[in-house]
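Below: the structure, in structure tokens.
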Amino acid sequence: MNRFIIVLGPWGSGSTAVTGILDHLGAFTCPPHFKTNDPRTPSAYESEMLRNILLRHIDEQALMVSENRLQLVSEIQQWLGGILQKAGGDDRVVVLKHALLSLIMPELVSLLHPKFIIVRRSYTDIERTRVRRQWPPIYGYLGARIIYDRIYSELVANSNLEFLDVYMPDILSHPDQEISRIADFSGLGGDPDCMKNARTFLRC
């Protein structure tokens, strides 16, 4: 059975960097990936098809899920059928990443029984990134406050969830230590070449 890992964090939190690390460690991150207009992070490391499904059912600017949650879950489930074939072996780690996944954590738990990696960054840094990218307010402090509240409320409500909390400044200041933590939690720590690839990616 595939092991699912869901990377959660608002836009500008560093969730792209963490998912890129997982990709270079050997996880399947469900390409093709959505391309951004930020030259520093040209790939968002989030599936274009999954993004399209989420945007059909979630108002991104209001961070509100439509009433038809069952249809949303059904579409994700159908999409995953093809993804698992592309991932290869049953032991391949499969990673999903998008800020809007934070709004449907109970459904994801029921469907996938995943592990979660939560990426934290200060509101100041998130807002600074939004301004640099010239993105709308929801992609900065405004959205981050709502998304972090949803994530941690769900973690408090469900003590059985497996999660790793990572702080983006720690990843940048202690990359070897933090990459090892991510690899160990994800079951991806056995290949020295992959560890080297992840470190090289983070320096790019």
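The values are calculated or read from the model by the stated rules, or taken from the named source; none is laboratory data. Keep in mind it's a predicted model, so treat the numbers as computed, not measured. Ideal geometry is used to build each Cβ from the backbone, glycine not excepted, and the neighbour counts take in all protein chains shown. Side chains are part of the model used for accessible areas, which takes the heavy atoms of the whole protein and leaves out ligands, DNA and RNA. Shrake-Rupley method; radii C 1.70, N 1.55, O 1.52, S 1.80 Å.
If you check A198 against the conditions, is it surrounded by 13 or more Cβ atoms within 10 Å (Cβ to Cβ), part of a helix (DSSP H, G or I) and touching a Cys at 6+ places or on another chain (Cβ under 9 Å)?
No; evaluated as a whole, the condition is false for this residue.
Within the range 16-31, can you find the residues that are touching a helix residue (DSSP H, G or I) at 6+ places or on another chain (Cβ under 6 Å) and open to solvent by 20 Å² or more (accessible area, probe 1.4 Å)?
Residues satisfying the conditions are H24, G26, F28.
Run down L63, L96, L84, L101 and say which single residue is open to solvent by 40 Å² or more (accessible area, probe 1.4 Å) and either touching a Leu at 6+ places or on another chain (Cβ under 7 Å) or among the aliphatic types (A, V, I, L, M) (or both).
Of the residues listed, the single one that is open to solvent by 40 Å² or more (accessible area, probe 1.4 Å) and either touching a Leu at 6+ places or on another chain (Cβ under 7 Å) or among the aliphatic types (A, V, I, L, M) (or both) is L84.
Against the condition open to solvent by 20 Å² or more (accessible area, probe 1.4 Å), touching a Lys or Arg at 6+ places or on another chain (Cβ under 9 Å), in contact (Cβ under 8 Å) with a residue 12 or more places away in the chain and within 23 Å of P31 (Cβ to Cβ), how does R56 come out, does it pass?
When the stated conditions are applied, R56 does not pass them.
Please verify whether G140 is surrounded by 20 or more Cβ atoms within 10 Å (Cβ to Cβ), touching a residue at least 60 places away in the same chain (Cβ under 8 Å) and either in contact with an Asp or Glu (Cβ under 7 Å, 6 or more places away or on another chain) or more than 18 Å from E46 (Cα to Cα) (or both), treating the condition exactly as stated.
It is true that G140 is surrounded by 20 or more Cβ atoms within 10 Å (Cβ to Cβ), touching a residue at least 60 places away in the same chain (Cβ under 8 Å) and either in contact with an Asp or Glu (Cβ under 7 Å, 6 or more places away or on another chain) or more than 18 Å from E46 (Cα to Cα) (or both).
Of the conditions (1) at pLDDT below 95; (2) closer than 13 Å to H24 by Cβ; (3) not β-branched (V, I, T), S186 clears all except one; give me its number.
Condition (1) is where S186 drops out.
Would you list the strands (runs of 3 or more DSSP E) that sit entirely within the range 1-105 and hold 1 or more residues that are over 19 Å from L161 (Cβ atoms) and touching a Ser or Thr at 6+ places or on another chain (Cβ under 6 Å)?
Per the criteria, 33-35, 43-47.
Just give me the residues in the range 105-137 being open to solvent by less than 50 Å² (accessible area, probe 1.4 Å), within 23 Å of E178 (Cα to Cα) and of a type outside the set (G, A, S), in sequence order.
Scanning the range 105-137 gives P114, K115, F116, I117, I118, V119, D125, I126, T129.
Please find, within the range 152-168, the residue that is nearest to Y123 (Cα to Cα) out of those that are open to solvent by less than 80 Å² (accessible area, probe 1.4 Å) and in contact with a helix residue (DSSP H, G or I) (Cβ under 8 Å, 6 or more places away or on another chain).
So the residue we want is M168.
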